[in-house]
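Some notes on the structure that comes next.
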Amino acid sequence: MKNTTEQRIQKERFQSDCLTFCEINGIHPLSKDVLDRCLKMPDDGITATNKFVSLTNTFYPIITSNFFDSNIEEKLGHYDTNNGIIVFVYIDSSTYITKDWSVFSALGQAGYKRGNLPVPLSSDEEIDDSNLRRKWESLPKSSS
C-alpha cells in the first residue's frame with residue numbers, strides 16, 4: 001500500500017512539474033474538442049501489426065518515467081508527423097496520435113514545436129486490440 005501511495009504522489013508531482021514547465025514555456029492546453037479527435041496512447045501501449053509484412057510491434061507512450069529531466073523537456077509540448085499521422089506529447093506528459101490534420105494547426109497555436117519523435121501507426125500498421133482499433137478508425141481524417 002505504501003509503495004502505491006508513493007508512486008501516486010511521485011506521478012502527481014511529475015505531472016505538476018510538466019504543467020509548470022509548459023506554462024513557463026508558452027505551451028498551452030488544447031481544447032476538449034481537439035483532444036476528442038485524437039487517440040490517447042494507453043500506458044501499456046498499442047500493439048499493432050504491419051499489414052504487408054506481418055510484423056507486430058508495440059508502441060508505448062513517448063514519456064514513460066515520472067522523473068522530470070532534460071529528456072522530458074525535449075519531448076513535452078512537441079509533435080512530429082509521418083505518412084499523414086501526427087503524434088504529440090501533451091502538457092501532462094500523455095502521448096496522443098491522430099490522423100486529423102486540423103489538430104496540426106491547433107498544436108501550432110498552442111505553442112507546440114516540432115520534435116524528433118517516433119510516430120506510431122504511420123507505416124501501415126493495424127491495431128490488434130479491436131476496441132482501440134474501432135476508436136482509431138472512428139477518428140476523423142482530414143487533409144487540411
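The values are calculated or read from the model by the stated rules, or taken from the named source; none is laboratory data. Computed from a prediction, not measured in an experiment: that's the story for all the values here. Ideal geometry is used to build each Cβ from the backbone, glycine not excepted, and the neighbour counts take in all protein chains shown.
A quick yes/no check of all residues on (1) exposed (fewer than 14 other Cβ atoms within 10 Å of the Cβ); (2) within 13 Å of the chain's Cα centre (by Cα); (3) within 23 Å of Arg133 (Cα to Cα):
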site	(1), (2), (3)
Glu23	yes, no, no
Pro29	no, no, no
Cys38	no, yes, yes
Asn50	yes, no, yes
Thr58	yes, no, yes
Ile62	no, yes, yes
Gly77	no, yes, no
Ile86	no, yes, yes
Ser94	no, yes, yes
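The number of residues in segment 91-144 being on the phi < 0 side of the Ramachandran plot and either among the polar types (S, T, N, Q) or assigned to a loop (DSSP other than H, G, I, E, B) (or both) comes to 31. Considering each residue of segment 38-64, count those that are assigned to a loop (DSSP other than H, G, I, E, B), over 17 Å from Ile91 (Cα atoms) and in contact with a strand residue (DSSP E or B) (Cβ under 6 Å, 6 or more places away or on another chain), and give that number. Result for segment 38-64: 2.
Scoring Ser94 on the criteria (1) over 22 Å from Thr20 (Cβ atoms); (2) in contact (Cβ under 8 Å) with a residue 24 or more places away in the chain leaves a single failure, condition (1).
The residues on offer are Asp69, Asp80, Asp124, and the sole one that is acidic (Asp, Glu) and modelled with pLDDT of 95 or more is Asp80.
Which residue, of Asp128, Asp124, is under 18 Å from Asp44 (Cα atoms) and among the charged types (D, E, K, R)? Of the residues listed, the single one that is under 18 Å from Asp44 (Cα atoms) and among the charged types (D, E, K, R) is Asp128.
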